[in-house]
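A.B. asks: The structure under discussion is supplied below as structure tokens; questions concerning it will follow.
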Amino acid sequence: MSNDLLRFEDEYLARYYSKKPINIVKGYMQYVWDSNNNKYLDMHTGFGVAFLGHRNPRIINAIKDQLDKIITVSLTFYNETRAEFIREFMRVVPSSFGKVFLQNSGTEAVEVALKIARKITKKAEFLAFLNSFHGRTMGSLSVTGNEKYRKAFEPMPYKVRFAPFNAVDQVDKLVTEDLAAVIAEPIQGEGGVNPAKPEFLRALRQVTRERNVLLIFDEVQTGFGRTGRAWAFENYGIEPDIFTAGKSIAGGLPIGVAVVRREFGDVFEPGEHGSTFAGNPLVMAAARAGVEVLVNEGVPDRARAIGDKLMRILEDELNGLKTVLRIKGMGLMMGIELKKRADPYIDKLMNAGLLASVAGGTTVRLLPPYCITDEDLETAVRALRSVLSDSS
């Protein structure tokens, strides 16, 4: 793509992301290439979308097969490809969950989870947590605990109370019977890769159950194998009433899912909720193949093993650096918290052939795909050590 053509994007595409000065033209599994044929190890993965790899062959073949059948079918009609996805997806969902709500993105999945909570409980208020991130549509934004995302659009449509994340001693006071639901990320992603304390999530589960308040876990980034289990909440030995998922399920195509406990049933009457593109057969074919990859290639186990190894190496190689405060995360969701802003280091890492992102302002976030190798780990750590050793 010529620079003349790229100027059209600069001139006419509304900009609400900070652009990096490379033009990515192709990818395969854990790597991407730019228009100058420079190769990058991708630990950005579109904010976690390409966890199953770029152009994973199983997913690509499923998409190609579906292209020869049909691309769009409304939820008004049955569709075998959609049914096949649901059948495969329920294999990786705990048996206490019984209904799946198909959407097109993570923020839509959160939106429908909030609607479900209000419909079931007949209550309107929510409890969410500081530094959380649940999406940018108005309902999801209402429960997003980082003020910088909400400030320009206040007042928000939902009544929400925000509490400190991991404040175990405050749970009993904060979870009151007038709440429709409590929503939390098992690991805060955008907020800085902050894992929940086990005792915190257990306290939330106990008190919400006692007070007839629903518990929603946002697994859009943490779910589908990334943390070493199919769902991050499985690492904590508890289950929510509703959880959301998305990002990596369909191998790069847009999808969002909300899953509710079996006893809630269908929740909505016809017309109370809808989505034109939800359940799209092309996305369903990709997502069905995504579940097959997850199961047949042991993705959660691989994420746990590689993640544990990466954590040990990062701690050994980086903890002594002046710029590094601590290493945190779970599975293949890692954060290197710095003592200063992370943005300049993201650009330097890119120049060293490693793509990463910023979380919480001071954290270098690593969201690598499950298929990274030991050689890739060495490449990543070498780049990280070189770049983060520069304290300027």
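The values are calculated or read from the model by the stated rules, or taken from the named source; none is laboratory data. As the structure is a computational prediction, the values presented were derived from the model and not from experiment. Cβ sites come from the backbone with ideal geometry, for glycine too, and all protein chains shown count toward neighbours. To get the accessible areas, we keep the full protein, side chains included, count just its heavy atoms, and leave off ligands, DNA and RNA. Shrake-Rupley method; radii C 1.70, N 1.55, O 1.52, S 1.80 Å.
A.B. asks: Would you mind telling me the share, in percent, of accessible area of region 320-362 contributed by carbon and sulfur at probe 1.4 angstrom?
C.D. replies: The C+S portion of the solvent-accessible surface of region 320-362 is 51 percent.
A.B. asks: Under 10 Å, Cα contacts only: if you run a Gaussian network model on the chain, which one of SER132, SER35, SER140 comes out with the highest mean-square fluctuation?
C.D. replies: SER35
A.B. asks: Ok, one more. Under 10 Å, Cα contacts only: if you run a Gaussian network model on the chain, which one of ASN280, ASN37, ASN351 comes out with the highest mean-square fluctuation?
C.D. replies: Judging by the Gaussian network model, the answer is ASN37.
A.B. asks: Determine the shape class of region 216-326: with a ≥ b ≥ c the square roots of the Cα gyration tensor eigenvalues, call it rounded for a/c under 1.5, and otherwise prolate if a/b is greater than b/c, oblate otherwise.
C.D. replies: It is prolate, given that a/c is not under 1.5 and a/b is the larger ratio.
A.B. asks: Run the accessible area of region 39-100 with a 1.4 Å probe and give the carbon-and-sulfur part as a rounded percent.
C.D. replies: Carbon and sulfur: 55 percent of the exposed surface of region 39-100.
A.B. asks: Given a 1.4 angstrom probe, I'd like the percentage of the accessible area of region 146-291 that is carbon and sulfur, rounded to a whole number.
C.D. replies: 48 percent
A.B. asks: While we're here: Which residue, ILE238, ILE63, ILE249, has the most motion in a Gaussian network model of the chain that connects Cα atoms within less than 10 Å?
C.D. replies: Result: ILE238 has the largest fluctuation of those listed.
A.B. asks: Contact order normalised by length for region 201-314, with contacts defined as Cα pairs under 8 Å and 6 or more residues apart; what percent is it?
C.D. replies: Result for region 201-314 is 27 percent.
A.B. asks: Taking all pairs of distinct Cα atoms, average 1/r, flip it, and tell me the Kirkwood hydrodynamic radius of the chain in Å to one decimal place.
C.D. replies: 21.7 Å
A.B. asks: Let me ask something else about it. If I take R0 = 45 Å and measure r between the Cβ atoms of VAL25 and SER389 in this structure, what FRET efficiency does the formula 1/(1 + (r/R0)^6) give, to the nearest 0.05?
C.D. replies: Efficiency, rounded to the nearest 0.05: 0.90.
A.B. asks: So who's got an amide H within less than 5 Å of the one on PHE97, skipping anything under 5 residues away but keeping other chains? H placed 1.01 Å off N, in plane.
C.D. replies: Placed amide hydrogens put ARG262 under 5 Å from PHE97.
A.B. asks: Turning to a different aspect of this structure: Might you tell me the accessible area per residue for region 225-341, computed with a 1.4 Å probe and given in Å²?
C.D. replies: 39 Å²
A.B. asks: Sequence-distant or interchain residues sharing an amide H contact under 5 Å with ALA167, placed H: which?
C.D. replies: none
A.B. asks: Here is a further query. Please work out the average accessible area per residue across region 72-221, using the 1.4 Å probe convention, and give it in Å².
C.D. replies: Roughly 44 Å² per residue, with all protein chains present.
A.B. asks: Sticking with this structure for a sec: Which of the pairs LYS159/LYS339; LYS148/LYS348; LYS197/LYS348; LYS151/LYS309; LYS309/LYS339 have their Cα atoms more than 28 Å apart in this structure?
C.D. replies: Listed pairs above 28 Å: LYS159/LYS339; LYS197/LYS348; LYS151/LYS309.
A.B. asks: Between ASP169 and ASP65, what length in nm is gained on full extension when 0.36 nm per residue of separation is reduced by their alpha carbon distance?
C.D. replies: Extending this stretch completely gives an extra 32.1 nm.
A.B. asks: Moving on to the next point. Using alpha-carbon pairs under 8 Å, 6+ residues apart, how would you state the relative contact order of the chain in percent?
C.D. replies: Answer for the chain is 23 percent.
A.B. asks: Among 48-58, 102-112, how do they line up from the highest to the lowest mean number of other beta-carbon atoms within 10 Å?
C.D. replies: 102-112, 48-58
A.B. asks: Residue by residue through region 252-269, which ³J(HN,Hα) values in whole Hz follow from phi under the Karplus form 6.51 cos²θ - 1.76 cosθ + 1.60 (θ = phi - 60°), with glycine and proline marked x?
C.D. replies: Karplus values, whole Hz, x for Gly and Pro: x, 7, x, 7, x, 9, 10, 10, 10, 4, 4, 5, 7, x, 6, 6, 8, 7.
A.B. asks: With a ≥ b ≥ c taken as the square roots of the eigenvalues of the C-alpha gyration tensor of region 274-338, please select rounded if a/c is under 1.5 and otherwise prolate if a/b is larger than b/c or oblate if it is not?
C.D. replies: Oblate is the answer for region 274-338, as a/c is 1.5 or above yet b/c matches or exceeds a/b.
A.B. asks: Between GLU378 and LYS148, how many nm apart are label points set 7 Å from Cα along the C-beta direction?
C.D. replies: 3.7 nm
A.B. asks: Now a separate question. Under the classification rounded if a/c is under 1.5, otherwise prolate if a/b is larger than b/c and oblate if not, where does region 1-107 fall, given a ≥ b ≥ c as square roots of the Cα gyration tensor eigenvalues?
C.D. replies: Prolate.
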